[in-house]
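Read the structure below first, then the notes.
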Amino acid sequence: MHACFRGLPSVDQKGVGVDLSIDTTRVGPVVRIRLHGEIDVATTGLVHDAVIAALTSDSVRQVLLDFAGLTFIDSSGMGTLVACQRAVAVRGGALRLENLAPFVRRQLFAAGLLGLLGGEDDAHAVSPN
């Protein structure tokens, strides 16, 4: 499975510019979703939709969100990540975050979400750096 959702540069239903592109690939039971741009109030629906689409197959057991290209996340984005984590867990899977930029890591740490969302390895979960 390979899908690409592009939100760059487009406009959402309210006329707000959307600055996010999403590339999804699947290998066996693992779906990797690469995010490039910003997760904010204008783009949270795209992220949620990509995670839910990844769960259409019963054989998917892990969803990896690759944040290497992520430049910003706000509180609405963090709320969406929690909703995605719950959706994956309900289906018996795990959601993991990879390649967190220092800014994103600090945001998730400050909100108390780094450990919950499986941010890379647990050694980083005790410190925002």
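The values are calculated or read from the model by the stated rules, or taken from the named source; none is laboratory data. The structure presented is a predicted model; accordingly, all values stated were derived computationally and were not measured. As a convention, Cβ positions derive from the backbone with ideal geometry for all residues, glycine included, and neighbour counts pool all protein chains shown.
Within the set of pairs 6+ apart or on separate chains, which have a first residue in the stretch 83-109 that is closer than 15 Å to Val47 by Cα, a second that is of a type in the set (S, T, N, Q), and C-beta atoms under 7 Å apart?
Close Cβ pairs satisfying both conditions: Leu95/Gln85; Arg96/Gln62.
How many of the residues in the stretch 94-111 are in contact with a helix residue (DSSP H, G or I) (Cβ under 9 Å, 6 or more places away or on another chain) and surrounded by 15 or more Cβ atoms within 10 Å (Cβ to Cβ)?
As a first pass, look at the stretch 94-111 and keep what is in contact with a helix residue (DSSP H, G or I) (Cβ under 9 Å, 6 or more places away or on another chain): 94-95, 97, 100, 105, 107-109, 111.
Filter once more, so that each one left must be surrounded by 15 or more Cβ atoms within 10 Å (Cβ to Cβ): 95, 97, 100, 105, 107-109, 111.
The qualifying residues number 8.
Here is a list of conditions, (1) modelled with pLDDT of 95 or more; (2) in a helix (DSSP H, G or I); (3) hydrophobic (A, V, I, L, M, F, W, C), and Leu35 meets all of them except one; can you say which number that is?
Result: Leu35 passes all but (2).
(1) in contact with a Phe, Trp or Tyr (Cβ under 9 Å, 6 or more places away or on another chain); (2) outside any strand (DSSP E or B); (3) not β-branched (Val, Ile, Thr): which one isn't true of Leu116, the others all being true?
(1)
Considering only residues that are under 18 Å from Gly118 (Cα atoms) and surrounded by fewer than 21 Cβ atoms within 10 Å (Cβ to Cβ), which ones fall in the stretch 56-68? Lay out the reasoning, then the answer.
Taking the stretch 56-68 first, the residues under 18 Å from Gly118 (Cα atoms) are 60-68.
Answer for the stretch 56-68, where residues must be under 18 Å from Gly118 (Cα atoms) and surrounded by fewer than 21 Cβ atoms within 10 Å (Cβ to Cβ): Val60, Arg61, Gln62, Leu64, Asp66, Ala68.
For Ala125, work out the one condition from (1) surrounded by fewer than 15 Cβ atoms within 10 Å (Cβ to Cβ); (2) at pLDDT below 90 it doesn't fulfil.
Condition not satisfied by Ala125: (1).
For the stretch 35-49, indicate whether the set of residues that are in contact (Cβ under 8 Å) with a residue 40 or more places away in the chain and surrounded by fewer than 17 Cβ atoms within 10 Å (Cβ to Cβ) is non-empty. Explain how you work it out, then say what you get.
Going through the stretch 35-49, the residues in contact (Cβ under 8 Å) with a residue 40 or more places away in the chain turn out to be 39, 46, 49.
Next cut, surrounded by fewer than 17 Cβ atoms within 10 Å (Cβ to Cβ) only: 49.
Yes - at least one qualifying residue is present in the stretch 35-49.
Answer with yes or no whether Ala53 is surrounded by fewer than 19 Cβ atoms within 10 Å (Cβ to Cβ), in a helix (DSSP H, G or I) and touching a Leu at 6+ places or on another chain (Cβ under 7 Å). I'd like the intermediate steps shown before the answer.
Working: surrounded by fewer than 19 Cβ atoms within 10 Å (Cβ to Cβ): yes; in a helix (DSSP H, G or I): yes; touching a Leu at 6+ places or on another chain (Cβ under 7 Å): no.
When the stated conditions are applied, Ala53 does not pass them.
Yes/no per residue for (1) in contact with a helix residue (DSSP H, G or I) (Cβ under 8 Å, 6 or more places away or on another chain); (2) at pLDDT 90 or above; (3) more than 26 Å from Ala111 (Cα to Cα); (4) among the acidic types (Asp, Glu):
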| site | (1), (2), (3), (4) |
| --- | --- |
| His2 | no, no, yes, no |
| Ser10 | no, no, yes, no |
| Val41 | yes, yes, no, no |
| His48 | yes, yes, no, no |
| Ala53 | no, yes, yes, no |
| Ala68 | no, yes, no, no |
| Phe72 | yes, yes, no, no |
| Thr80 | yes, yes, no, no |
| Cys84 | yes, yes, no, no |
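Mind listing whichever residues of the stretch 71-93 are surrounded by 18 or more Cβ atoms within 10 Å (Cβ to Cβ) and assigned to a strand (DSSP E or B)? Working first, answer last.
Restricting attention to the stretch 71-93, the residues satisfying the condition of being surrounded by 18 or more Cβ atoms within 10 Å (Cβ to Cβ) are 73, 77-78, 80-81, 84-85, 88, 93.
The one that is surrounded by 18 or more Cβ atoms within 10 Å (Cβ to Cβ) and assigned to a strand (DSSP E or B): Ile73.
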